[in-house]
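In what follows, a structure is listed as structure tokens, so that the remarks can point back to it.
The values are calculated or read from the model by the stated rules, or taken from the named source; none is laboratory data. Bear in mind the structure is a predicted one, so any value in this text is a computation, not a measurement. Methodologically, a virtual Cβ is constructed for each residue, glycine included, from the backbone with ideal geometry; neighbour enumeration extends over all protein chains shown.
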């Protein structure tokens, strides 16, 4: 038994330990999303058992609440559990939120948005070589048949404000911040972006968000903060919101 423990310590050198962490960290972030849905599912089941009339809840309100809860629970799990169980504390420095926004963040934002559009176009163009690739798949946002003004406001709040803040904190904040401590920066950016693209589902959406994440990661590293990447993410989602819900005819005109 002691011999095996000694062998394990010899095998798990500092270098190997870093590469193990490079595998565990993205898996942990992905697991936090899955666990948050399990927790939320259990909560919904309890509410149904105690006869709470969830079926009567407006779909747009329900989607907004569920999205906010999933992001909140994911953040609590991914940051909170390691702190209280393993005593591994995540600092504001780790997630690049140590300073308020400054004027350079607003300069990087439009430049980063343009860079994202160019990179995404190039990736999608290359992907079109694959015969089975469908560039016209649309991501399911969870919001359908919006009609009332408040429904548009809730959808905008969820997709353009809540999602970018939560996703930047989880991916370009927590995950990228942890990974750059254990692997080369280029690999940390690729791993973060690959996971970010993967969780968005459809291939064309995944490739697009992979390109977005590369730009967001570089901007986060260049500015030392999440603010510029949050602004880029919000702008990107804002444009998508306009094309999907405000002027969908323009999306079809553009071939979306």
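General observations
- Inter-residue pairs, beta-carbon under 8 Å, first over 30 Å from residue 66 (Cβ atoms) and in segment 11-40, second assigned to a helix (DSSP H, G or I) and at pLDDT below 90, 6+ apart: 12/20
- Single residue of segment 119-135 satisfying the filter (in contact with a helix residue (DSSP H, G or I) (Cβ under 8 Å, 6 or more places away or on another chain) and outside any helix (DSSP H, G or I)) that is nearest to residue 212 (Cα to Cα): 135
- Segment 87-111, subset closer than 16 Å to residue 234 by Cβ and part of a loop (DSSP other than H, G, I, E, B), residue nearest to the chain's Cα centre (by Cα): 97
- Any hit, segment 52-65, residues being within 27 Å of residue 223 (Cα to Cα) and within 18 Å of the chain's Cα centre (by Cα): no
- Residue satisfying all of: in segment 195-224; outside any helix (DSSP H, G or I) and either touching a helix residue (DSSP H, G or I) at 6+ places or on another chain (Cβ under 7 Å) or without any contact (Cβ under 8 Å) to a residue 60 or more places away in the chain (or both); nearest to residue 174 (Cα to Cα) among these: 199
Conditions (1) buried (at least 16 other Cβ atoms within 10 Å of the Cβ); (2) under 24 Å from residue 108 (Cβ atoms); (3) in contact with a strand residue (DSSP E or B) (Cβ under 7 Å, 6 or more places away or on another chain), marked per residue:
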site	(1), (2), (3)
129	no, no, no
154	yes, no, no
161	no, yes, no
183	yes, no, no
191	yes, yes, no
214	yes, yes, no
218	yes, yes, no
224	no, yes, no
